[in-house]
1. Roughly how many debye, to the nearest 20, is the charge dipole of segment 146-269 about its Cα centre, given +1 on each Lys and Arg Cβ, -1 on each Asp and Glu Cβ, and no other charges?
2. In the chain, which whole DSSP H runs stretch at least 24 Å along their own axis (Cα) and average 0.5 or higher on the Kyte-Doolittle scale?
3. Considering the dipole of segment 75-130 built from charges on the beta carbon (Lys and Arg +1, Asp and Glu -1) around the Cα centre, which of P88, V127, Y107 is farthest to its positive end?
4. Below 19 Å, Cα to Cα, which lysines can K347 reach? Residues fewer than 8 away in the same chain don't count.
5. Please give the per residue accessible area of the chain, computed with a probe of 1.4 Å over protein heavy atoms only, in Å².
6. Ordered by residue, what ³J(HN,Hα) values in Hz, to whole numbers, does segment 295-310 give under the Karplus form 6.51 cos²θ - 1.76 cosθ + 1.60, where θ = phi - 60° and Gly and Pro are x?
7. Provide the per-residue ³J(HN,Hα) series for segment 209-216, in order, calculated from phi with Karplus coefficients 6.51, -1.76, 1.60 and θ = phi - 60°, each as a whole number of Hz, with x at glycine and proline positions.
8. With an 8 Å Cα cut-off and a minimum separation of 6 or more residues, compute the relative contact order for the chain in percent.
Amino acid sequence: MTDITETDVVVVGGGPGGSTVATLVARQGHRVVLLEKERFPRYQIGESLLPSTVQGICRLLGVSEELEQAGFPVKRGGTFRWGANPEPWTFDFGIAPEFADAAAPAYQVERMKFDQILLDNARRTGVDVREEHTVTDVIEENGRVRGVSCTDADGVRREFRGRYVVDASGNLSRIHSRVGGKRQYSEFFRNLALFGYFTGGKRMPAPTSGNILAVAFSAGWFWYIPLSDELTSVGAVVHREALDRIQGDREQALKELIAECPMIADFLSDAERVTSGPYGEIRVRKDYSYIQEKFSRPGLVLVGDAAGFIDPVFSSGVHLATYGGLLVARSLNTALRTAGESGIDEKKLFEEYEVRYRQEYMRFHEFLVSFYDMHSDEDSYFWKAKKVAGGTASELQSFVTLVGGGSSDERALVDSGSYGGRRDVDEALWSVAQAGANIQVQAATGSTVDEQVPVRDDGLVPSDDGMHWALPATAAA
């Protein structure tokens, strides 16, 4: 007899996207079960975070203090040896108004530690976390997904049923195809990454010592990410023309690629590769960029790498996963309200998520295509960023805002305090206090702090609490 658990939402995958959506839905009083196939802590790549994640989503989740205490290296920006300029150039996140007041704009993180912080936070919020539960398929009834079937660590088959299933199980998801449609692969970004970990690598001088270093060379480009005073993540992303270079002996292939990139070879001249433990393996990852044709169907929605993946040069993976988690949480929270309370049908709620996520994904994709033009210099890249992002900011500010994850006009990513403080305040008291504050702002400026503009015709806007979707004020009126 199959064990069946009833809940409101089933989240598949305990990475940043899954933990984000699970936490933000559970915090609204809904029942959430999160199924993770591994036992945390577990290894994961994607170690360089953006300010939008650290200063936005992580504050909303309530883990800022834990991140500060974890001792992760502070990432104030990025350093690139890239394009026509033969000298390295550096940008600072603080030059963008969105991130200027942040004491620690971002971090370089060991994902085993970072993901554990987010998953433990989900538990504390009330999420029923089940590790070592491998999801095998979805359960369908009358054209709607009603849950998932899985196998636990003891081999026992279980079913988890709910009103919604969120697939946040990554690029190797077993169930992403059940939304219908296919993955659309980019013709431009079809690379492979070969990477390992080193101790004793050099550091750039302060205050850039915690920056990510990206260095282009003939076969592709290297990332060099300081994870502690001693540990460094080093990876070569090679173009499709050089894919045969990393077949066979991975150790030798990585050595040869490092030797072809003088700056990385210098930084590793006194370093030793880690050969044991979770960082002891030289790994290969297919970095083909893709996005799903569809993100949802009745009862099922995709988040993070299950929905799409983009070239990692600007470390946007965790940003896209957690941003998507926030958007999906709004859709779920609104849909789970008392029937008819929101006045917004389910289809429109999940369309809002997809439209906003696709815009952010394509913003990165469009800019990255131009960034791979090695005949350009940084001034040309800054100009292209302004063209992609729009707005009135300078070209350099536009570039920093874009690569910091703040160009979507999503307030939660750059001013999360306006939402985050609400969770511990009685809603009625908050409404009165906020109404008074809005009146003061409106008297002084002629507009309200919560005025929102939809990103499309007939679109939705974030609610006052930031955790739901709402009709725009003009439409609601």
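The values are calculated or read from the model by the stated rules, or taken from the named source; none is laboratory data. Just so we're clear, the structure is a prediction, and the values are computed from it rather than from any experiment. Backbone-built Cβ (ideal geometry, glycine too); neighbour counts: all protein chains shown. These accessible areas exclude ligands, DNA and RNA; they are computed on the full protein's heavy atoms, side chains included. Shrake-Rupley method; radii C 1.70, N 1.55, O 1.52, S 1.80 Å.
1. Roughly 880 debye, rounded to the nearest 20.
2. Helices meeting the criterion: 317-335.
3. In segment 75-130, that residue is V127.
4. K294
5. So the chain comes to 41 Å² accessible per residue, rounded to a whole number.
6. So the J values, rounded to whole Hz, are 9, 7, 8, x, x, 9, 9, 9, 9, x, 5, 5, 8, x, 9, 10.
7. 4, x, 5, 6, 10, 10, 10, 7
8. Reported relative contact order: 20 percent.
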